[in-house]
Amino acid sequence: MVKQVSGLLLLFALVFHAASASAEEVDLELVIAMDGSGSISAQEYLLQLDGTADAFRDPAVQTAIASGPVGRIAVSVLLWSDAAFPKFNTGWHLLDSPESANRFASVVRNFRVDENRRIDIGGGGGTGIGAGVEEALKLMRSNNHEGLRKVIDVSGDGIETEFWFSKGLMIRDAKLLAEAERVTVNGLPILNQDFPQLDRYYREEVISGPGAFVVVADGFRDFKRAIRKKLLREISSNISALPEAGKSDLVR
């Protein structure tokens with residue numbers, strides 16, 4: 001059964017792999033796949049938003065955005081939970097200057113938040129990491145960009161949960177899709193009392209592709225530091241210096 005599922009996934013990926021002739025070339029297509037499951041409180045969600053927004057305002061990150069051979073990247077933030085719940089995203093944004101990065105930072109800071117900073121997360125449910133990766137791949141297929149590199153940046157505070165009624169892909173199958181479509185999956189596990197060794201799970205079960213890596217956040221208040229460090233590495237990666245496929249490292 002697993003072999004049949006794997007074969008279907010690979011076939012599905014090959015069908016959708018060809019890029020549109022009119023797609024705009026960018027150095028990087030990046031989906032920041034953020035945990036919006038039921039384990040995430042309003043305060044924790046805001047810490048993720050604010051940390052990500054601050055990272056895109058950071059001068060070092062802004063310099064990295066324009067440092068590639070094309071000089072621009074395309075990025076979208078995705079809010080995921082389990083397969084039974086809707087997914088939300090910011091849409092795709094083309095970043096090629098400090099001004100465009102600052103505008104995107106404002107979009108991120110207000111994503112699913114009203115003018116009084118009240119939360120409308122729209123998530124809930126279980127931790128569907130595979131469903132999040134699957135949705136990120138759909139976003140990449142449907143955009144009007146063609147990246148020299150394609151990366152999904154998965155952050156979360158728990159291991160994947162599996163329900164008998166869920167029809168979404170589990171991470172083991174979502175990784176096959178990502179590999180077939182030449183998309184790297186990186187991880188940002190947020191350590192907590194329930195999952196103090198979540199970094200090990202992300203390293204063994206979540207990340208995938210050439211140069212895939214993990215950056216650890218020691219709780220949600222450490223998310224800002226971790227996402228900045230992670231974005232700097234993702235945006236400014238030297239392709240020729242990446243490890244072989246299947247290799248990874250752990251960064252704190």
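Restricting attention to region 77-103, the residues that are at pLDDT 95 or above and either more than 19 Å from the chain's Cα centre (by Cα) or surrounded by fewer than 21 Cβ atoms within 10 Å (Cβ to Cβ) (or both) add up to 13.
Pull up region 104-120, narrow it to residues that are among the β-branched types (Val, Ile, Thr) and either under 18 Å from the mean Cα position of the chain (by Cα) or under 15 Å from Glu24 (Cβ atoms) (or both), then point me to the one that is surrounded by the most Cβ atoms within 10 Å (Cβ to Cβ).
Val108
Scan region 88-108 for residues that are touching a helix residue (DSSP H, G or I) at 6+ places or on another chain (Cβ under 9 Å) and among the hydrophobic types (A, V, I, L, M, F, W, C) and jot them down. Scanning region 88-108 gives Trp92, Leu94, Leu95, Ala101, Phe104, Ala105, Val107, Val108. Within region 116-125, is there a residue that is polar (S, T, N, Q) and either in contact (Cβ under 8 Å) with a residue 12 or more places away in the chain or at positive phi (or both)? Among the residues of region 116-125, not one is polar (S, T, N, Q) and either in contact (Cβ under 8 Å) with a residue 12 or more places away in the chain or at positive phi (or both), which makes the answer no.
Within region 71-93, the residues that satisfy the criterion of being closer than 16 Å to Leu231 by Cβ and either touching a residue at least 60 places away in the same chain (Cβ under 8 Å) or among the aromatic types (Phe, Trp, Tyr) (or both) are Ile73, Ala74, Ser76, Leu78.
Within region 191-217, being under 14 Å from Glu44 (Cβ atoms) and surrounded by fewer than 16 Cβ atoms within 10 Å (Cβ to Cβ) holds for Gln193, Asp194. The set of residues in region 178-190 that are surrounded by fewer than 22 Cβ atoms within 10 Å (Cβ to Cβ) and of a type in the set (A, V, I, L, M, F, W, C) contains only Ala180.
The values are calculated or read from the model by the stated rules, or taken from the named source; none is laboratory data. Since the structure is predicted, the reported quantities are computational estimates derived from the model, not experimental observations. Note that each Cβ is placed from the backbone with ideal geometry, even for glycine, and that neighbours are counted across all protein chains shown.
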